[in-house]
Amino acid sequence: MSAEEARAQAGHVVVVGGGIAGLAAAHRLLDRGARVTVLEAADRVGGKLLPGEIAGVRVDLGAESILARRPEAVALARETGLADRLTPPATASASIWTRDALRPMPKGHVMGVPGTAAALSGLLTEEGLARIEREAELPPTEVGEDVAVGEYVAGRLGREVVDRLVEPLLGGVYAGDAYRLSMRSAVPQLFEAARTHSSLTEAVRAIQARTAAAPRQGGPVFTGIEGGVGRLPLAVAESVRARGGEIALGTPATALRRTPEGWRITAGERELTADAVVVALPAGPAAALLRAEAPAAAAELSGVEYASMALITLAYRRRDTALPEGSGFLVPPADGRAIKAATFASRKWGWIAEEDPELLVLRTSVGRYGESEILGRDDAGLVALSRRDLRTATGLSAEPVATRVTRWDDGLPQYPVGHHARVARIRAHLAALPGLAVCGAAYDGVGIPACVASAHAAVEKLGADLTGVPENKRHPVPSAQAGAGE
């Protein structure tokens, strides 16, 4: 039997959402022999991974790097023809802009939580340093089923550690508030270590010791892709199409109903039947789609909050700039600055510098959970705020040759205390519905590898629903109709 004949007899799966999670699910489903249709409401794939350009140089307008120590995203890049495009940062030495100076990012921490006060002088006051040294004398603190990162760390090491170290790092990942974010969901290795150690600094040192003792993994901690991480979803989509999968752009799914034979999906002018469905949408749209068939799961998803942010990309003539060393800096919200981070993109990624050696590309980010005033400004206002903070932090006063603002409204799901339990309840509600799974950043992690892993877990959850579909329950894949959007 040919591959085409085998696929014709396999189950049909509809993936709702063409971000990296949905595309990774489609890619894995094709590996399993399923027929796949991806429905994407936008006119492009990729979600928060967006390639773009400024002043003729390719850049990322969304996420720019991949955690390489987790294998899922790197493996997907290799499987879709990007192996020779994977490239580590040219420099990874970042700083923290705090107390009116750029100070080197300390080593020996877990998401900003230090194992010792060494090398923190200048970042913390003498009182703050002394608090860390005395932490082991405190009685043990129970973490229970979950606890806020900021609450727990401040109770053990003082608020300075949270405000000056933890907040800028967590803000860069989640755009969230450390005093709300779940330690179990946002920093799981620290949560597990805190459950088994009476001292937080001891728990951090134990994590570091395990990391040092583990077999060395080759390669960098983070990696990028030549031309931008935004190339990854394009490569996955190309692979999906090349193997017979359909990707319908401009085609939002508006209704999902269970039938005796499987599922019926309404998408614009199309009516599709499927043996299984993967919902790879942000929490709000997922809740709307699931409300009719899974009201309890939809109610839980409706409670997931999101933070909005914006990225400001600026291009300068290199001869007009004199930046400090390193790849950029993070900014604690305690200092009252507008930006929360700055990346010296041309210095961090060699391929950007090679595209135009006379150009220097920087980018800043603004926006945290609960902030609305800054993001309410127009693009020119955000550029002005970024330039003001860059001038104060680095002395950069030159006029940029080009600027670009990319807004990510409701871009990052928040993981407050209890998020892990919420996700468990969602999955328990969906377990009663054969042939239905969810994946994406709203569940087990917002990074690219976590989203890919979530997609793979969704495919595994479907399991037997994808094979052995009786002949009288198979449905032909609907042909493309008006409104498919491609």
By counting other Cβ atoms within 10 Å of each Cβ, how are Trp263, Trp349 ranked from fewest to most? Trp263, Trp349
What is the dipole size for segment 99-213, taken about its Cα centre, with +1 at each Lys and Arg Cβ and -1 at each Asp and Glu Cβ, in debye to the nearest 20? 340 debye
Per residue and in Å³, how big is the convex hull formed by the alpha-carbon atoms of segment 99-213? 99 Å³
Global form of segment 137-284, assessed from the alpha-carbon gyration tensor, a/c cut-off 1.5: prolate
What residues qualify as long-range amide H neighbours of Thr98, i.e. H under 5 Å apart, gap of 5 or more or another chain, H built at 1.01 Å from N? Arg103
Each residue of segment 264-279 in turn: what ³J(HN,Hα) in whole Hz from Karplus with 6.51, -1.76, 1.60 and θ = phi - 60°, glycine and Pro shown as x? 10, 10, 9, 9, x, 8, 9, 10, 10, 10, 8, 7, 7, 9, 10, 9
Could you work out the relative contact order of segment 307-364? I mean the mean sequence separation of Cα pairs under 8 Å and 6+ apart, divided by the number of residues, in percent. 43 percent
So how do Asp389, Asp410 line up by other beta-carbon neighbours within 10 Å, fewest first? Asp410, Asp389
Please give the Cα centre distance for segment 306-345 versus segment 9-88, rounded to the nearest Å. 27 Å
Relative contact order (%) - criterion: Cα under 8 Å, at least six apart; region: segment 171-275: 10 percent
If you rank Lys461, Lys107 by fewest surrounding Cβ atoms within 10 Å, what's the result? Lys107, Lys461
Whole-number percent relative contact order across the chain, with pairs defined as alpha carbons under 8 Å at least 6 apart: 25 percent
In segment 338-475, if every C-alpha pair distance is counted and binned at 5 Å from zero, what percent goes to each bin? 2, 8, 12, 13, 12, 11, 10, 9, 8, 6, 5, 3, 1, 0, 0
Looking at the chain only, what percent of DSSP beta bridges run antiparallel? Nearest 5 please. 70 percent
Collect residues whose amide H, placed 1.01 Å from N in the peptide plane, falls under 5 Å from the amide H of Phe222; neighbours closer than 5 in sequence don't count. Ala68
If you take volume of the Cα convex hull per residue in Å³ from the coordinates, which of (i) 183; (ii) 151; (iii) 141 do you get? (ii)
Placing +1 on each Lys and Arg Cβ and -1 on each Asp and Glu Cβ in segment 99-213, then taking the dipole about the Cα centre, the residue among Ala186, Thr125, Gln208 whose Cα reaches farthest towards the positive end is Gln208
Using only helices, what value at 222 nm comes out for the chain when you add -39,500 (n - 2.57) per DSSP H run of length 4 or more and divide by the total residues, to the nearest 500 deg cm²/dmol? -9500 deg cm²/dmol
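Read-outs: derived from the displayed coordinates by stated rules, not from any lab. Note that the structure is a prediction, hence the values are computed from the model and not measured. Virtual Cβ from ideal backbone geometry, glycine too; neighbours counted across all protein chains shown.
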